[in-house]
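These notes are about the structure you will find just below.
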Amino acid sequence: MASLDMGGGGEGKGKQKKMNARVDFTPMVDMIMLLVTFFMLCTTLLKPQTMQISMPSDKDDIKQENKSQVAADKAITIILDKDDKIYYFEGKPEEATVYETEYGKDGIRKVLMSKNAEAMKKVEDLNREFANKHSSNVKQDEKYREEHKKRLSDIKNADNTPSAIIKATDEATYLNLINALDEMQICFIGKYVIDKIHEQDLDMIKNAVPLKK
């Protein structure tokens, strides 16, 4: 009877079978896809925070003098220049005196608030009225916000509110423009345009009344 040699002559003793280590990345791919989906949904649901700006029309059938046509007694023109200089004049250019001012509460903001005092008072009353108007009902709360937004817009764009024309020289910066637009929001100026600057404007600021320090 033949015997079966399991030892292989003793030469194979002590040898271990090699194992190949492998990392399964399949769960990682699934997790990445979930994260991508999550961020896509969140980005879609976020409402963009933008500022509405009225620009003068470039249509051929509208005359140049009517592009920024506003009531003379309610119009204020703001000119932005280099070195953070800012000028303004009220009414028609040919009848106006140009004043140099500055950014901030003691400068152009004070001028705009004075010119828009009636509307600002109405905005304060409106905010006070809606201060406690909140509801646990989501739809009702949304109605409150929409009503407040509409009434605020009506106040800012009423016929007796001022209109601002913002112009910038070639040496003014984007930051100057942003600061000027911020002042429109702070002072609740609802009617304003960004217009091109003309030679007449440049000549006017040369003779502006200097800022008193």
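Each value in this text was obtained by applying a stated rule to the coordinates, not by laboratory testing. Note that the structure is a prediction, hence the values are computed from the model and not measured. So basically every Cβ, Gly included, is an ideal-geometry build from the backbone, and we count neighbours across all protein chains shown.
Provide the per-residue ³J(HN,Hα) series for segment 159-167, in order, calculated from phi with Karplus coefficients 6.51, -1.76, 1.60 and θ = phi - 60°, each as a whole number of Hz, with x at glycine and proline positions.
5, 8, 8, x, 10, 10, 10, 9, 10
For a quick check: with amide H placed at 1.01 Å from N, whose amide H comes under 5 Å from K191's, ignoring anything fewer than 5 positions away on the same chain?
Close amide H contacts, sequence-distant or interchain: A164.
Rank the residues F39, F188 as a footprinting-exposure proxy: fewest other Cβ atoms within 10 Å of their Cβ go first.
Taking fewest neighbouring Cβ atoms as first place, the list is F39, F188.
How far, in nm, would the chain grow between M28 and L211 when pulled straight, counting 0.36 nm per residue and subtracting the alpha carbon separation?
Net length gain for the segment: 59.5 nm.
Step through the residues of segment 109-114 one at a time and calculate ³J(HN,Hα) from phi using the Karplus curve (6.51 cos²θ - 1.76 cosθ + 1.60, θ = phi - 60°), rounding each to whole Hz and writing x for Gly and Pro.
Couplings: 5, 5, 5, 5, 5, 5 Hz.
Listing T77, T37 from the residue with the fewest other Cβ atoms within 10 Å to the one with the most, what is the order?
Ordered by Cβ neighbours within 10 Å, fewest first: T37, T77.
Return V98, V138 ranked ascending by Cβ neighbour count within 10 Å, so the fewest neighbours appear first.
V138, V98
So if we plug the beta-carbon distance of N160 and S136 into 1/(1 + (r/R0)^6) with R0 = 35 Å, what FRET efficiency do we get, rounded to 0.05?
Result of the calculation: an efficiency of 0.35.
At 0.36 nm per residue, minus the direct Cα-Cα distance, what do R145 and E102 gain on full extension? Give it in nm, one decimal, please.
Going from the current span to full extension adds 12.0 nm.
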